[in-house]
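Below you'll find the structure, written out as structure tokens, and then a few comments.
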Amino acid sequence: MDEHSAAVAAYWDAAAASFDDGPDHGLHAGHTRRAWQRRLETWIPGGPADVLDAGCGTGSLSLLLARSGHRVTGVDLAPRMIEQARRKLAAARLRARFLLGDAAAPPTGGERFDAILARHLLWTLPDPPGALRAWAGRLRPGGRLVLVEGLWPQPEQPAVRYAGGAAPLPWHDGIGAADLAAAVRPLAAHVHVEPLSGDADLWGGPVDDERYALVATVPDA
């Protein structure tokens, strides 16, 4: 693990204990959990699918995917996030595989997936376009790339403070739907953007920034 990756892992390890306090992270409220479940059911192909949850954090969405019968692999760089995800799935008596590693280059070898999900991850990556290409290459023909993203308010501290002095990240303020669609379109046969800002149940309350899901289907061959 290089210096940048070690700093990022330490940053999220420190956040792991309180990460699920966020209503859209822990999904403790029934209406929030159900709102995410409904959305996932429309984004992920029907029937049991092989799904990679890239940057899975504490595994809240992995749990919902497993509950729907999907075969889930979660990847995260932070050991404490992975530990919480494993405990969460075990407590729910659900099965999923969780791997420690870089979500932008998941340690899954030559495996291919029916869908790859990444929520609020791109802003943390040093090379988001490279990650998009890597994920598209790990999908089976006709597979789906599901990106839940947005444009975030400016933090009080400069982005360089993230991960203990890591270099400023190219999408540290998030990315708008039009710009992300333009980045994904060369990799996909079809791109659909679904606005999410107006669904307060997803976030535990109203939000006034841009939030959306981009669902891209890669070519069949």
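Pick from ARG112, ARG144, ARG138, ARG133: which is open to solvent by 60 Å² or more (accessible area, probe 1.4 Å), closer than 23 Å to VAL218 by Cβ, touching a Pro at 6+ places or on another chain (Cβ under 8 Å) and touching a residue at least 40 places away in the same chain (Cβ under 8 Å)? Even if it seems obvious, please write down each step before you answer.
Numbers: ARG112 fails: touching a Pro at 6+ places or on another chain (Cβ under 8 Å); ARG138 fails: open to solvent by 60 Å² or more (accessible area, probe 1.4 Å); ARG133 fails: touching a Pro at 6+ places or on another chain (Cβ under 8 Å).
From the options ARG112, ARG144, ARG138, ARG133, the qualifying one is ARG144.
Provide a single number: the residues in the stretch 16-29 that are free of Cβ contacts under 8 Å to residues at least 40 places away in the same chain and either in a helix (DSSP H, G or I) or open to solvent by less than 50 Å² (accessible area, probe 1.4 Å) (or both). Let's see the steps before the verdict.
Step one: list which residues in the stretch 16-29 are free of Cβ contacts under 8 Å to residues at least 40 places away in the same chain, which gives 18, 21, 25-28.
Going one step further and asking which of them are either in a helix (DSSP H, G or I) or open to solvent by less than 50 Å² (accessible area, probe 1.4 Å) (or both), we end up with 18, 25-27.
Final tally of qualifying residues: 4.
Assess whether ARG39 counts as being under 29 Å from HIS192 (Cα atoms) and in a helix (DSSP H, G or I).
Numbers: under 29 Å from HIS192 (Cα atoms): yes; in a helix (DSSP H, G or I): yes.
Taking the combined requirement at face value, the residue satisfies it.
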Inset, instruction - Give the residues of the stretch 169-184 that are open to solvent by 30 Å² or more (accessible area, probe 1.4 Å) and touching a residue at least 24 places away in the same chain (Cβ under 8 Å), sorted by residue number. - result: PRO170, TRP171, HIS172, ASP173, ALA183
Inset, instruction - Of the conditions (1) surrounded by fewer than 16 Cβ atoms within 10 Å (Cβ to Cβ); (2) within 21 Å of TRP12 (Cβ to Cβ), LEU61 clears all except one; give me its number. - result: (1)
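Looking at ALA91, ALA49 in this structure, which one is more than 18 Å from LEU147 (Cα to Cα), more than 16 Å from the chain's Cα centre (by Cα) and hydrophobic (A, V, I, L, M, F, W, C)?
ALA91
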Inset, instruction - Look through the stretch 208-219, keep the residues that are open to solvent by 40 Å² or more (accessible area, probe 1.4 Å) and either over 17 Å from the mean Cα position of the chain (by Cα) or among the aromatic types (Phe, Trp, Tyr) (or both), and return whichever of them is nearest to THR42 (Cα to Cα). - result: PRO219
Inset, instruction - Among the numbered conditions (1) in contact with an Asp or Glu (Cβ under 9 Å, 6 or more places away or on another chain); (2) at pLDDT 95 or above; (3) surrounded by fewer than 18 Cβ atoms within 10 Å (Cβ to Cβ); (4) aliphatic (A, V, I, L, M), tell me where ALA159 comes up short. - result: (2)
Legend entry - Identity of the residue in the stretch 30-46, open to solvent by 20 Å² or more (accessible area, probe 1.4 Å) and touching a helix residue (DSSP H, G or I) at 6+ places or on another chain (Cβ under 6 Å), that ends up nearest to LEU145 (Cα to Cα): GLN37
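The values are calculated or read from the model by the stated rules, or taken from the named source; none is laboratory data. Remember, predicted model here, so these are calculated numbers, not experimental data. Positions of Cβ are generated from backbone atoms using ideal geometry, with glycine treated the same way; all protein chains shown enter the neighbour counts. Please note that ligands, DNA and RNA were not included when accessible areas were found on the heavy atoms of the full protein model with its side chains. Shrake-Rupley method; radii C 1.70, N 1.55, O 1.52, S 1.80 Å.
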